[in-house]
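A.B. asks: Right, I'll just put the structure down here and ask away after.
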Amino acid sequence: MLDLINVSYDSQIPNNVGLSSDKKVLKALEKWHPGYINWWNDLIPQNFQESMVYLRTAVSVDPKGWAKFDYVKMPEYRWGVLLAPAVEDRRIAMGEHLGEPAWQEVPGEYRNMLKRLIVIQGDTEPGSVEQQRFLGLTAPSLYDMRNLFQVNVEEGRHLWAMVYLLQKYFGRDGREEADDLLVRSSGSEEAPRMLGAFNEETPDWLSFFMFTYFTDRDGKMQLESLAQSGFDPLSRTCRFMLTEEAHHMFVGETGVGRTIQATLEAMTKAGITDPTDINKIRDLGVIDLPTIQKKLNLHYTLSLDLFGQEVSTNAANAFNAGIKGRYMEQRIDDDHKLQNDTYPVTSIKDGKILTEDVPALTAINMRLRDDYVRDAAGGIGRWNKMIAKAGIEYELKLPHEGFHRQIGVFSTVAVDPDGNIVSAEEWAKRREDWLPTKADGDFIQSLMVPCYEPGEYASWIAPPKVGIDNKPGDFEYVKLHMA
Amino acid sequence: MSKRIDFQVDPAGMKHWTVEHDGPVAYLYMDVDEDAGLFEGYQLKLNSYDLGVDIELADVVQRMRFEHPEVKVVVLTSAKDKVFCAGANIRMLGSASHAHKVNFCKFTNETRNTLEAALEDSGQNYICAVRGACAGGGYELALACNHIMLTDDSTSSVALPEVPLLAVLPGTGGLTRVTDKRKVRRDLADVFCSVEEGVKGKRAQEWRLVDEVIPNSQFDAGVRARAEAFAATSRKPDVTQGIELKPLQRQFLADAVIYSTIDVALDRPGRRAVITIKGPETDAPADVAALTAEGSETWMLRCARELDDAILHLRTNEDALGLIEFQTAGDPARVVAHEALLLAHADHWLANEVLCLWKRVLKRVDMTSRSLVAMVEHGSCYAGVLAELLWSVDRSYMMLEPFEEDDRPLASVQLTDANFGQYRMGNGLSRLETRFLGAPDDIAGLRAQIGTPLDAAKAETLGLVTYAYDDIDWEDEIRLFREERASFSPDAMTGMEANLRFAGPETMETRIFGRLTAWQNWIFQRPNAVGPEGALQRYGTGVRGVFDMQRV
């Protein structure tokens, strides 16, 4: 653990922001740090805290420094404060300040808006660690356990990154908000996390993979749009976070893929070709494809809710202010001001789903969600190729964006996965066909037995094709401390 | 916005509020139906409100007093998950005419005042439980309650974001109640009113913005316990049974509105409305049992409700009629008798409620931005409660001596005890005290006149009416007054009358209407808020308002 009194911030907290000479931030961080360590220690079961985990640590932002692998106990992980290198003469990329030099300090008029965005982003980072805290107990392999912990420590680092911004640029308010990030807690009755999806349980490993595939992908989209920010420190922070977020997507996509792979292999071996022969498939100790589809339906739709209302004043204000851009803002061929443009947005009129053109500025959330849907479709295609290759007739699908929604225009209507508006009764009747049931959950839970031998994997998941850091198949990714 | 806005509510058809009764505690849930706005073009998202939502609230508050006198504590809270109330709907405000905005704010202010009056007059205590965002008009709603509880979930806050977000004021009492009622230190109030996201948790309590902060997991139980404790220590007498407020009998005709006790004649070419109040046609109820049996049909209550509705109708739906003339017709002795029963039993809950309703209705008259005049003709019944109208209006004219071919009883004015403090104005004084601010000794002299019908000469000498004219002068003088009044600028009239009506001390109420509202109405006219590039107009587009930076 860090020796807080004699801490050498430059050596123990990897950073490229001159931390050791920044008295203001150091003072704030000294106060915040013990709370963070307590939060971490109370979170993940103690025997994992004591275990040596083969983790990647970012010690600098250049290609040599951002991926140092070594064994480390998680509480001793070197969470760093790293910003992507400054771009010379960077300009604001959108909104009414388009073309003006990017801000190196917070503009007073946008202070609250910026702070709110950073707090909301920051709140999601520890939230997911909280949701996943007990998964180590049922890890299907040491490889997966290591990936889980890698994701966890990086979410922790992302929290640090947001806390740094709050403490560095937002004065006393910022310090208080940083403290509150450790007060709120996922699923807490006392002080829940700000966004709904981060208060849902992550009860099993398939949920974890779905979460990292779908929900972390929302995080990626949010980071992408904050990376466009005219507030340069935020932009640089997010750009660096994105390199780590990519690993989370990888864990999700390969995790679901390996689950499917195990199912396909078991079906082939048992000579089962009908993917809906659920009981027989389950008897093989693998998860049937229809249940995987249900899990997908759940996590995809919870993640769509994270994009907020389709038409949003806050998003419009943030874009126009130059605080938050669109996905790949620089590559979009328009005036980047959007004051006279429109964008098609779904709406419900007289019980029908329509699209309407609305002022593009107000449709920033909708546009980001559209980009997300395209981005999320990629992995589905790759999973379907695996299924087709195994000769099974089944296709995983993203349900219609109106299905199972709590936020936005669809929250008031019942929509089936194919996009038909149905009655609430009809929807309730068919819910069990579309979303995981308690029985599905119990079945998946029954498969969640830990597999702690190096190189071995639980029945329901296939080994990865390649090890982390090119390590061999029987590499001991976690040296478990079994007190 | 040309359809008629109706201020009467069918409680079975409420769209935005629900009430749950638990003995002496009632839970009033705000649950705004976002698709049930009064007009097209906006959705009432996040428990935001428009006039329609407030009309229902006013009705709930009114019914709580008459229909549920057993209720001692009302807990105002939200039925929505993550939001208490987002305040007045901005798109509605952005698209509304100036006149509608002003009327909207006046009515919502009057409704907030009735929440406070419920405690002061009847011991019915409104308290507020805030979970989720509570911003702008949402916090103003909370401010109108007498005890504010906020959950400590590290997210829920109270806020007045009007200035930074919309370039207007928290005009529904917000600024005034923060300093005058909550007694928030002025510099902290300045900070609070400048930050969009507001203040949460312990700090909200330290700054006096809320009364208590309750851990989130104990919030519901804490609110319940607090409500029950307030109910247990309430000084409100136990009453088991209320009365039903039956629907008003009304008829809307092309140039008139006819109620059971009131006729409103609409003279559109002359830009005036004549409200004729008809005195009781039957004797006063013999006792409070008879009064209760008559319920909402008893003349004093029926007339008050009808007058209230008529005033609201004229204010909102007839904005070209710049002059409202009051007339009364009937037997003054009967008016006195009906009122006397209530005064004699002012400790009876229903008698008290009716008298307090009259207080509110007369305040509504005071606050009406039209030229008001009372005509005291022969056959009229300006006695007791109806005599208050004489000092609510800007001027009054009284018929002097018999008129040719007019065999109605001679005009008189009759004072009762009630004229000396029963129906206090917003400034805390009776209308007579306000009228005779420069000659307080005259009030004692007036007391000696209680019970005596005062003829025109006497009434004029005592200063109770402006002019007394005989039948030679009457018609011409009245015509001249009407024509002169009609020629003045309506804006100047509104401003002049509002200034002259409220002499005497400032109260929170007068500060809200006279200071906050006036400033708000000024801002509502300025381009920084409502110009094509103003913040209110641009809200929701993502583009910021452009301000003229000159300080005026």
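A.B. asks: Considering only the range B:347-393, state which residues are open to solvent by 20 Å² or more (accessible area, probe 1.4 Å), in a loop (DSSP other than H, G, I, E, B) and closer than 19 Å to B:Gly428 by Cα.
C.D. replies: Result: B:Met367, single match.
A.B. asks: Tell me which residues, restricted to the range A:127-138, are within 21 Å of A:Asn47 (Cβ to Cβ) and either β-branched (Val, Ile, Thr) or assigned to a helix (DSSP H, G or I) (or both).
C.D. replies: Across the range A:127-138, the qualifying residues are A:Val129, A:Glu130, A:Gln131, A:Leu135, A:Gly136, A:Leu137, A:Thr138.
A.B. asks: Let me ask something else about it. Take the range B:166-182 and flag every residue that is touching a Lys or Arg at 6+ places or on another chain (Cβ under 6 Å) and more than 15 Å from B:Trp519 (Cβ to Cβ).
C.D. replies: B:Arg182
A.B. asks: If a residue has to be surrounded by fewer than 20 Cβ atoms within 10 Å (Cβ to Cβ), within 9 Å of chain B (Cβ to nearest Cβ) and modelled with pLDDT of 90 or more to count, how many in the range A:180-191 make the cut?
C.D. replies: Of the residues in the range A:180-191, 2 are surrounded by fewer than 20 Cβ atoms within 10 Å (Cβ to Cβ), within 9 Å of chain B (Cβ to nearest Cβ) and modelled with pLDDT of 90 or more.
A.B. asks: Further question: Pairs needed: first member in the range A:327-339, touching a residue at least 12 places away in the same chain (Cβ under 8 Å); second member anywhere, aliphatic (A, V, I, L, M) and open to solvent by 60 Å² or more (accessible area, probe 1.4 Å); C-beta distance under 7 Å; at least 6 residues apart or different chains.
C.D. replies: A:His336/A:Leu98; A:Lys337/A:Leu98
A.B. asks: Tally up the residues in the range B:512-537 that are away from every other protein chain (no Cβ under 14 Å) and open to solvent by 60 Å² or more (accessible area, probe 1.4 Å), please.
C.D. replies: Matching residues across the range B:512-537 total 6.
A.B. asks: Which pairs do you get when a residue that is within 14 Å of another protein chain (Cβ to nearest Cβ), found in the range B:208-232, comes within reach of a residue that is open to solvent by 80 Å² or more (accessible area, probe 1.4 Å), reach meaning Cβ atoms under 6 angstrom, with the pair 6+ apart or on two chains?
C.D. replies: Final answer for the pair search is B:Val213/B:Lys202; B:Ser217/A:Glu189.
A.B. asks: Now for a different question. With A:Asn314, A:Asn320, A:Asn340 as the choices, which residue is under 25 Å from the mean Cα position of the chain (by Cα) and either within 14 Å of chain B (Cβ to nearest Cβ) or in a loop (DSSP other than H, G, I, E, B) (or both)?
C.D. replies: A:Asn314
A.B. asks: Conditions: (1) surrounded by fewer than 15 Cβ atoms within 10 Å (Cβ to Cβ); (2) within 14 Å of chain B (Cβ to nearest Cβ); (3) within 15 Å of A:His158 (Cα to Cα). A:Ser60 meets all but one. Number of the miss?
C.D. replies: Evaluating A:Ser60 over (1) surrounded by fewer than 15 Cβ atoms within 10 Å (Cβ to Cβ); (2) within 14 Å of chain B (Cβ to nearest Cβ); (3) within 15 Å of A:His158 (Cα to Cα) leaves (2) as the failure.
A.B. asks: Considering only residues that are exposed (fewer than 12 other Cβ atoms within 10 Å of the Cβ) and either within 14 Å of another protein chain (Cβ to nearest Cβ) or not in a helix (DSSP H, G or I) (or both), which ones fall in the range B:233-246?
C.D. replies: B:Arg235, B:Asp238, B:Thr240, B:Gln241, B:Glu244, B:Lys246
A.B. asks: Which ones in the range A:86-119 are under 20 Å from A:Arg172 (Cβ atoms) and surrounded by fewer than 16 Cβ atoms within 10 Å (Cβ to Cβ)?
C.D. replies: A:Glu105, A:Pro107, A:Gly108, A:Glu109
A.B. asks: Here is a follow-up. From the set of residues in the range B:538-552 that are within 13 Å of chain A (Cβ to nearest Cβ) and either exposed (fewer than 15 other Cβ atoms within 10 Å of the Cβ) or out of contact with any Lys or Arg (no Cβ under 7 Å at 6 or more places or on another chain) (or both), which is nearest to B:Ala96 (Cα to Cα)?
C.D. replies: Within the range B:538-552, the match that is nearest to B:Ala96 (Cα to Cα) is B:Tyr539.
A.B. asks: Identify the single condition in (1) in contact with a Gly (Cβ under 7 Å, 6 or more places away or on another chain); (2) in a helix (DSSP H, G or I); (3) within 14 Å of chain A (Cβ to nearest Cβ) that B:Glu140 does not satisfy, given that it satisfies every other one.
C.D. replies: Status for B:Glu140: all satisfied but (3).
A.B. asks: Take A:Leu354 and decide whether it is assigned to a helix (DSSP H, G or I) and not polar (S, T, N, Q).
C.D. replies: no
A.B. asks: Here are B:Pro285, B:Pro269, B:Pro280: which of them is assigned by TED's automatic domain parsing to the domain that holds B:Pro453 and either basic (Lys, Arg) or free of Cβ contacts under 8 Å to residues at least 12 places away in the same chain (or both)?
C.D. replies: Unique residue meeting the criteria: B:Pro269.
A.B. asks: Under the condition of being over 13 Å from the mean Cα position of the chain (by Cα) and more than 24 Å from A:Asn365 (Cβ to Cβ), which residue from the range A:203-231 is most open to solvent (accessible area, probe 1.4 Å)?
C.D. replies: A:Pro203
A.B. asks: While we're on this one: Pairs only if they're at least six apart or on different chains, beta carbon under 8 angstrom, first in the range B:515-532 and basic (Lys, Arg), second open to solvent by less than 20 Å² (accessible area, probe 1.4 Å) and in a helix (DSSP H, G or I); list them, first residue then second.
C.D. replies: Pairs that qualify, where the first residue is basic (Lys, Arg) and the partner is open to solvent by less than 20 Å² (accessible area, probe 1.4 Å) and in a helix (DSSP H, G or I), are B:Arg515/B:Thr176.
A.B. asks: Right, here's the next one. Are any residues in the range A:390-411 surrounded by fewer than 22 Cβ atoms within 10 Å (Cβ to Cβ), in contact (Cβ under 8 Å) with a residue 40 or more places away in the chain and in a helix (DSSP H, G or I), and if so, which ones?
C.D. replies: A:Val409, the sole residue that qualifies.
A.B. asks: Looking at the range A:343-362, which of its residues are open to solvent by 50 Å² or more (accessible area, probe 1.4 Å), on the phi < 0 side of the Ramachandran plot and either within 13 Å of chain B (Cβ to nearest Cβ) or not β-branched (Val, Ile, Thr) (or both)?
C.D. replies: A:Pro344, A:Lys349, A:Lys352, A:Leu354, A:Glu356, A:Asp357, A:Pro359, listed by residue number.
A.B. asks: Report whether or not A:Gly171 is open to solvent by less than 30 Å² (accessible area, probe 1.4 Å), without any contact (Cβ under 8 Å) to a residue 60 or more places away in the chain and under 16 Å from A:Leu226 (Cβ atoms).
C.D. replies: Taking the combined requirement at face value, the residue does not satisfy it.
The values are calculated or read from the model by the stated rules, or taken from the named source; none is laboratory data. Everything numeric in this text was worked out from a predicted model, so none of it was measured. So basically every Cβ, Gly included, is an ideal-geometry build from the backbone, and we count neighbours across all protein chains shown. For the accessible areas, the whole protein counts, side chains as well, though only heavy atoms, and no ligand, DNA or RNA atoms are used. Shrake-Rupley method; radii C 1.70, N 1.55, O 1.52, S 1.80 Å.
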